[in-house]
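Notes for the one structure printed next.
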Amino acid sequence: MKNLVILGGGYGGMKVLNELLPNHLPEDVTITLIDRVPYHCLKTEYYALAAGTISDKEIRVAFPEHSQLNIKYGDVIGIDQKDKKVLLNGEDPIEYDDLIVGLGCEDKYHGVPGADEYTYSIQSIEKSRRTYSALNNLAPGSVVGIVGAGLSGVELASELSESREDIQIKLFDRGKYILSSFPERLSKYVENWFVRHNVEIINNSNITKVEEKTLFNHDQAIKCDVIVWTAGIQANKIVREMEGEKDRLGRLEVTPHHHLPNDEHIFIVGDCASSPHAPSAQLAEGQAEQIVEVLKKRWNGEPLPETFPPIKLKGVLGSLGKKQGFGMMAERAITGRVARLLKSGILWMYKWHNG
Ligand SMILES: Cc1cc2nc3c(=O)[nH]c(=O)nc-3n(C[C@H](O)[C@H](O)[C@H](O)COP(=O)(O)OP(=O)(O)OC[C@H]3O[C@@H](n4cnc5c(N)ncnc54)[C@H](O)[C@@H]3O)c2cc1C
């Protein structure tokens, strides 16, 4: 039997499972999925979990069941490429014939002193739960500082402003406008929403240090009861520590067939894989589909195409609380209720397909 080991049951890992099971797995191949969480988590909704507007259970999806699938609950601590083994914390290593690394990403603190120690995070389910607890135990009138007004910072700030109208939210962003990767019109729309909902935006900010309950913006101290960091991500530490060329987010460079240039048995998917695109769940799923194509062709002894067609990304949608949204679909900016309904619809479809 050959063992295909998948590290991480996130969007990339889950897509591989759903494509291969139940019909496309040869009889002589088993899959071992390793994750530190016993179910697939809908990371795109962590902002709502942290804000307290959805329950933990709503963003869990059970992993599939299949006679050729073993699910291993555990903490990956490294990969021994030479001996083709995955190293686990406190448990025996697991051998692989083919390996797919989809361990997602972590916060990137850009060397800001104290940021790692004194800020909360929404990059993992465990951290989002801690953030939920901190935010929802705050006394009325408390101040929350959110650092970084990209998609996740904006979603968290807006959701929290609806969840806790009794607290003060300050959203810090480096840019002249928030959501700098979106057209200015969208940024303005979102800024106006924040003005109407009493969220203070601090543009052109530069967080130079963080201490307990204090942010330093251009070295000026600002007291906050809770500080949440949404100002950057990088590939999972396991991937950052692997040998190989990486991009500025620590994502490993891969071939057009999504494997390491020097090891055709190690595939990299999702937030761990270098790509011209920003990390996203859609991208992880697109890469996973192509990895499955490579595996199926190899198992069948068929030739591989030299390259795959570019992965089609449908767009980006963000929420502003439960009723309004914004985004880019087919290169067109959309705002308001329609954007929010589309976002909810996509989530519903995802759960329906995976549930
Ligand atoms: C608030 C927020 C909103 C977002 N909104 C969108 C959106 O609207 N659209 C979109 O496309 N993308 C969105 N994203 C980005 C998207 O969530 C990620 O790009 C996507 O989750 C990447 O998928 P992945 O498979 O690479 O990793 P993940 O989905 O992060 O999965 C990684 C898995 O690895 C496991 N893991 C990690 N380390 C270890 C370890 N050492 N040992 C064992 N298991 C481990 C984790 O438990 C997890 O199950 C959002 C992200 C956030 C934070």
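The values are calculated or read from the model by the stated rules, or taken from the named source; none is laboratory data. Quick caveat: nothing in here was measured; it's all calculated off a predicted structure. Don't worry about glycine lacking a Cβ; one is built from the backbone with ideal geometry, like all the others, and counts go over all protein chains shown. Heads up: the accessible areas ignore ligands, DNA and RNA and are worked out on the full protein's heavy atoms, side chains in. Shrake-Rupley method; radii C 1.70, N 1.55, O 1.52, S 1.80 Å.
Couple of notes before you dig in:
- Test for HIS277: is it at pLDDT below 95 and under 22 Å from the mean Cα position of the chain (by Cα): yes
- Of all residues in the range 269-306, those that are farther than 23 Å from VAL239 by Cβ and in a loop (DSSP other than H, G, I, E, B) total 6.
- Of residues in the range 105-159 being more than 20 Å from ALA235 (Cβ to Cβ) and among the β-branched types (Val, Ile, Thr), the one farthest from the ligand (Cβ to nearest atom): VAL143
- Filtered residue count, the range 55-77, keeping only those that are part of a loop (DSSP other than H, G, I, E, B) and either crowded, with 16+ Cβ neighbours inside 10 Å or touching an Asp or Glu at 6+ places or on another chain (Cβ under 9 Å) (or both): 5
- Residues of the range 1-19 classified as more than 7 Å from the ligand (Cβ to nearest atom) and either in a strand (DSSP E or B) or over 14 Å from ASN354 (Cβ atoms) (or both), total: 6
- Selected residue (criterion: farthest from SER121 (Cα to Cα)) from residues of the range 20-46 that are near the ligand (Cβ under 7 Å from one of its atoms) and touching a strand residue (DSSP E or B) at 6+ places or on another chain (Cβ under 9 Å): ILE34
- Any pair with Cβ under 8 angstrom, 6 or more apart, that starts in the range 73-91 at a residue that is of a type in the set (Lys, Arg) and ends at one that is open to solvent by less than 80 Å² (accessible area, probe 1.4 Å): LYS84/TYR96; LYS84/ASP97; LYS84/LEU99; LYS84/HIS265; LYS85/ILE79; LYS85/PRO93; LYS85/ILE94; LYS85/TYR96
- Filter pass, ILE238 being within 16 Å of the ligand (Cβ to nearest atom), modelled with pLDDT of 95 or more and open to solvent by 10 Å² or more (accessible area, probe 1.4 Å): yes
- Those residues of the range 79-93 which are more than 9 Å from the ligand (Cβ to nearest atom) and either among the small types (Gly, Ala, Ser) or open to solvent by 30 Å² or more (accessible area, probe 1.4 Å) (or both), in sequence order: ILE79, ASP80, GLN81, LYS82, ASP83, LYS84, LYS85, LEU87, GLY90, GLU91, ASP92, PRO93
- Extreme residue, nearest to the ligand (Cβ to nearest atom), among residues of the range 255-291 that are open to solvent by 40 Å² or more (accessible area, probe 1.4 Å) and over 22 Å from GLN123 (Cβ atoms): GLU289
- Cβ-Cβ distances below 6 Å connect the following pairs, each with a first residue in the range 188-208 that is touching a residue at least 60 places away in the same chain (Cβ under 8 Å), a second residue that is hydroxyl-bearing (Ser, Thr, Tyr), and a separation of six or more residues or different chains: TYR189/THR335; HIS197/SER161.
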